[in-house]
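The values are calculated or read from the model by the stated rules, or taken from the named source; none is laboratory data. Not measured: the values here are computed from a predicted model. Every residue, glycine as well, gets a Cβ built from its backbone with ideal geometry; the counts of neighbours run over all protein chains shown. Ligands, DNA and RNA are stripped out before the accessible areas are found, and what is left, the full protein with its side chains, is counted by its heavy atoms. Shrake-Rupley method; radii C 1.70, N 1.55, O 1.52, S 1.80 Å.
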Amino acid sequence: IPSMHEFSGIPLEEARDYVIDGCWEPLLNGSCDWTFRMFNMLTALECALNGGATLSSNPILLRGQKLTYETPLPAVDNSINFEGLKNIFKKHIKFFSDNSALSIHILYLIDQAVNPDPLYSALLKGCMKTGRDKTWGGADYKLAGIIPAAVPDTVNTLAAIKKWVYDRKEFALADVLA
């Protein structure tokens, strides 16, 4: 409630009238349009470990499907320590987060042009007040979120790599990737 009020400029009394959408997202009861985008943190980690590509044994792809920009290969460049790997990983997280935010923006551009939603709009106070569909900005608020999926698995994977590759040096990163 304080975050919705402080960071989104939503009046406190409206922030207190929130509801939960399906999973856990707080929405404003009858006042907001909501959308989200997800990306898989394990995919971002794969890209960090494999120079911007997924790990794949498909020989046509050479080193995997290219999903993001090219970064150094930690398994090849021995000067990259665990902190270096984390820095590369952060760049890939930013890439996937930025793409998620951009796709939300594009969704709203497409939505208002081709996808009116009269039934949902009839349930929103702002749309009824202004007579505008939610896709044309009729809702009082637009809330959107970026959801990174598989965070616990990613943290566990990073912890295992740190322990077995960088701290104990029992495995080479190239062997782990193979």
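Quick notes on this structure:
- The range 101-119, residues that are in a helix (DSSP H, G or I), farther than 21 Å from Ile10 by Cβ and not hydrophobic (A, V, I, L, M, F, W, C): Ser103, Asp111, Gln112, Pro118
- Residue ID - nearest to the chain's Cα centre (by Cα), chosen from residues in the range 31-63 that are modelled with pLDDT of 85 or more, of a type in the set (S, T, N, Q) and assigned to a loop (DSSP other than H, G, I, E, B): Thr54
- Among the candidates Lys142, Lys129, Lys125, Lys134, the residue that is in contact with a Phe, Trp or Tyr (Cβ under 8 Å, 6 or more places away or on another chain) and open to solvent by 80 Å² or more (accessible area, probe 1.4 Å) is uniquely Lys142.
- Residue tally, condition in contact (Cβ under 8 Å) with a residue 40 or more places away in the chain, more than 19 Å from Ile147 (Cβ to Cβ), open to solvent by less than 70 Å² (accessible area, probe 1.4 Å) and not β-branched (Val, Ile, Thr), over the range 56-94: 5
- Residues satisfying the stated conditions in the range 120-178, i.e. within 18 Å of Leu55 (Cβ to Cβ), assigned to a loop (DSSP other than H, G, I, E, B) and in contact (Cβ under 8 Å) with a residue 40 or more places away in the chain: Ala150, Ala172
- Within the range 32-55, the residues that satisfy the criterion of being surrounded by 21 or more Cβ atoms within 10 Å (Cβ to Cβ) and under 30 Å from Arg132 (Cβ atoms) are Cys32, Asp33.
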